[in-house]
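For reference, the structure is listed below as C-alpha cells.
Read-outs throughout are calculated quantities, based only on the coordinates presented, and are distinct from any laboratory measurement. Everything quoted here is computed from the prediction, not taken from an experiment. No Cβ is skipped: glycine too gets one built from the backbone with ideal geometry, and neighbour counts run over all protein chains shown.
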Amino acid sequence: GQCYLRLMAINYTYNLDSEFLKYYDIVNNIKGLDAEDINKAHYLAAQVFVKQRHYNQAREALEKIPDNSKYYIVAQYLLGVSFTNLDQFDMAKAVFERLVNIKNYPWTDLNVSIIQNEARLKLGYLHYQRGEFDQALFYFNQISKGYDRYDKSLLAQAWTNLKKGQYESVINKVDVLCNNYLL
C-alpha cells in the first residue's frame, strides 16, 4: 500500500493525472493502510478532480475525509469550491460558514486563518452574485488586513458599495487600493 501511495504522490507532483487516478483506485481498495494516508489520498484526488472539472467526483472524495483528520479543514474548503462549481450555492454557503465559524484565535493556526479568509471572500462573492449586498459587505469587511489577498476584498467592497450607492465609501476603498496595492 505504501508503494502505491508513493506512486500516487510522484504522479501528483508531476501532474500525471491519469496515472495518479489509476493508483488512487488501487489505494482505495487496499485494506489496512493508515487512516491519514488514505485521507491524504482522498484530498489529493479531489484536487485532481477539481483541476479536471469533475466536481461530483471531487465531492465524493472529500466527503470521505473525517473531521478529525488534519486534511479536514482544507478538504472542506475544496468541498465548498466544488459545490459552488456545481451551482449548489446553499451547500457551498453552509460549508464556507462552518469554516468561518471555527474557533481560531489570532495566530493559533495560520493555515486555518488563511482558509477562513478564503471562505469569507467566497461567501462575500456568493452574496454579491445574489444581490445580497449587505451580507456581502459583512463578509468582505471581516477579512484580515494581513491576508495575502486583502486587495481583492477591498475591490469587492468598492464594487458592493457602488451597487449600494455609497459613493464616498467607494472612493475610500479605491484610494486605499491605489495607495497600498497599486503594484
Quick one: longest stretch of the chain between exposed loop GluC sites (Glu not before Pro), exposed meaning at most 15 other C-beta atoms within 10 Å and loop per DSSP?
-> 64-131
How much net charge surrounds H127 when only other residues with a Cβ under 9 Å from its Cβ are counted (Lys, Arg +1; Asp, Glu -1)?
-> 0
Determine the distance separating the Cα centre of region 147-183 from the Cα centre of region 1-72; give it in Å without decimals.
-> 39
Given a Förster distance of 35 angstrom, what is the FRET efficiency for D25 paired with N101, based on the Cβ-Cβ distance and rounded to 0.05?
-> 0.50
What percent do you get for the relative contact order of region 59-183 when only Cα pairs under 8 Å and 6+ apart count?
-> 14
For K70, counting only lysines whose alpha-carbon sits under 17 Å away and dropping same-chain residues fewer than eight positions off, the answer is K40, K103
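Considering only the other residues whose Cβ falls under 14 Å of the Cβ of L7, what net charge follows from Lys and Arg at +1 and Asp and Glu at -1?
Working: positive: R6, K22, K40; negative: D17, E19, D25, D37.
Local charge sum for L7: -1.
What net charge is computed for the residues neighbouring H42, neighbours being all others with C-beta under 14 Å from the C-beta of H42, Lys and Arg scored +1, Asp and Glu -1?
Numbers: positive: K40, R59, K64, K70; negative: D25, D34, E36, D37, E60, E63, D67.
Its environment carries a net charge of -3.
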Indicate the helices, whole DSSP H runs only, in the chain that combine a mean Kyte-Doolittle hydropathy of -1.0 or more with a Cα extent along their long axis of 18 angstrom or more.
-> 35-51, 72-85, 110-129, 150-164, 167-180
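Within region 105-183, which chymotrypsin sites (Phe, Trp or Tyr not before Pro) sit in a loop by DSSP and count at most 16 neighbouring Cβ atoms inside 10 Å? Numbers along the way, then the final one.
Numbers: sites: W107, Y125, Y128, F133, F138, Y139, F140, Y147, Y150, W159, Y167, Y181; in loops: W107, Y147, Y181.
Listed in order of number, the matching sites are W107, Y181.
Rounded to the nearest 500 deg cm²/dmol, what is the calculated helix-only ellipticity per residue at 222 nm for the chain, with -39500 (n - 2.57) per DSSP H run of length n ≥ 4?
Helices in the chain give a 222 nm mean residue ellipticity of -23000 deg cm²/dmol.
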Correct choice for Rg and Dmax of the Cα atoms in Å that was computed from the model, options (1) 19.1, 62; (2) 18.8, 65; (3) 16.7, 50 | (1)
